[in-house]
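Since the structure comes first, as structure tokens, the remarks are kept for the end.
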Amino acid sequence: MPVVAAAVCPHPPLLIPQVASGAAADLDPLRAACLAAIEALATATTVLVVGSIPAGAPVFPRVYGADAGGSFGAYGAPGVRFGAGPEVLPLSLAVGGWLLEQSKAASLPRTYWAVPTDAVPGECVRLGREIADGNDRVGLLVMGDGSARRSEHSPVHLHPRAEIFDTTVAKALQHKDLDVLEALDPDLAGELQAAGRAPWQVLAGALAGTPLSGDLRYEAAPYGVGYFVASFT
């Protein structure tokens, strides 16, 4: 059973207190849920962080090594960085790396994989199964936001199907319903601007056949964007 634990987290830059500044306390419950979910990854021998990049990326997946750097200078916190190498990680992976740095799994070897938001579901599931077929004891950290169209104050205007989509995802994570995750429609996810669709489908492939059970630790849309935290142990 190569995947020995998994965690699902969102990737808003406001998770980093120095970015959120005076509003940092608003996301304390989300931040705490993320860190609690990630603690279980310390039982692995290596950590794989999977996140999304914009549609149209020519490489699938785009792989970054353990030394890849992440920075939040573009979000007003130039002093927050990690990694010995150049600051090349996209936002989803940078937030994942920052969360890992705060956890018991910080010292484990890690790799980062980025999948484009328009990746074909079957390819995402296949990628997850490749992870599961490896020999390492993998702790899988999957970064993905739900719909960015949950309210009139969302980054994009309210969509009537956004809440239904996010509720479906939340229930699938809670009950480890991998069939539901695999069946998520990429066109609808794109319309709803749900950046987590492809990474969640990688997760579905990786968890197939494992005895791990799901625990939904957080579900809310505090800024009009669906955020979920789940752990699989």
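The values are calculated or read from the model by the stated rules, or taken from the named source; none is laboratory data. Everything quoted here is computed from the prediction, not taken from an experiment. Using ideal geometry, Cβ is built from the backbone for each residue, glycine included, and neighbour counts are taken over all protein chains shown. Keep in mind that these areas ignore ligands, DNA and RNA; they rest on the heavy atoms of the full protein, side chains included. Shrake-Rupley method; radii C 1.70, N 1.55, O 1.52, S 1.80 Å.
Return the pair list, or none, for Cβ contacts closer than 6 Å from residues in the range 208-221 that are touching a residue at least 24 places away in the same chain (Cβ under 8 Å) and more than 22 Å from Pro12 (Cα to Cα) to residues that are open to solvent by less than 40 Å² (accessible area, probe 1.4 Å) and part of a strand (DSSP E or B), at least 6 apart or on different chains. Matching pairs, first to second residue: Thr210/Val3; Leu212/Phe232; Gly214/Ala230; Gly214/Phe232.
Every condition in (1) buried (at least 19 other Cβ atoms within 10 Å of the Cβ); (2) under 22 Å from Gly196 (Cα atoms) holds for Gly83 except the one numbered (2).
Looking for something under 22 Å from Gly128 (Cα atoms), among the basic types (Lys, Arg), touching a strand residue (DSSP E or B) at 6+ places or on another chain (Cβ under 7 Å) and crowded, with 16+ Cβ neighbours inside 10 Å - is there at least one such residue anywhere in the range 190-208? No, the range 190-208 contains no residue that is under 22 Å from Gly128 (Cα atoms), among the basic types (Lys, Arg), touching a strand residue (DSSP E or B) at 6+ places or on another chain (Cβ under 7 Å) and crowded, with 16+ Cβ neighbours inside 10 Å. Filtered by the rule that a residue be in a helix (DSSP H, G or I) and open to solvent by less than 10 Å² (accessible area, probe 1.4 Å), the range 93-112 gives Leu93, Ala94, Val95, Gly96, Gly97, Leu99, Leu100. Restricted to the range 131-148, and to residues there that are under 24 Å from Ala94 (Cα atoms) and more than 18 Å from the chain's Cα centre (by Cα), the residue that is least open to solvent (accessible area, probe 1.4 Å) is Asp136.
Where helices (runs of 4 or more DSSP H) fall entirely within the range 123-233, those with at least 2 residues that are closer than 19 Å to Arg31 by Cα and not basic (Lys, Arg) are at 162-174. Please verify whether Gly83 is of a type outside the set (D, E, K, R), touching an Asp or Glu at 6+ places or on another chain (Cβ under 7 Å) and without any contact (Cβ under 8 Å) to a residue 24 or more places away in the chain, treating the condition exactly as stated. So Gly83 fits the description; yes.
Close contacts from the range 159-188, counting a first residue that is over 20 Å from Val115 (Cα atoms) and a second that is among the β-branched types (Val, Ile, Thr) and open to solvent by 30 Å² or more (accessible area, probe 1.4 Å), with Cβ to Cβ under 8 Å and a gap of 6+ residues or different chains, come to Thr168/Val180; Lys171/Val180; Ala172/Val180.
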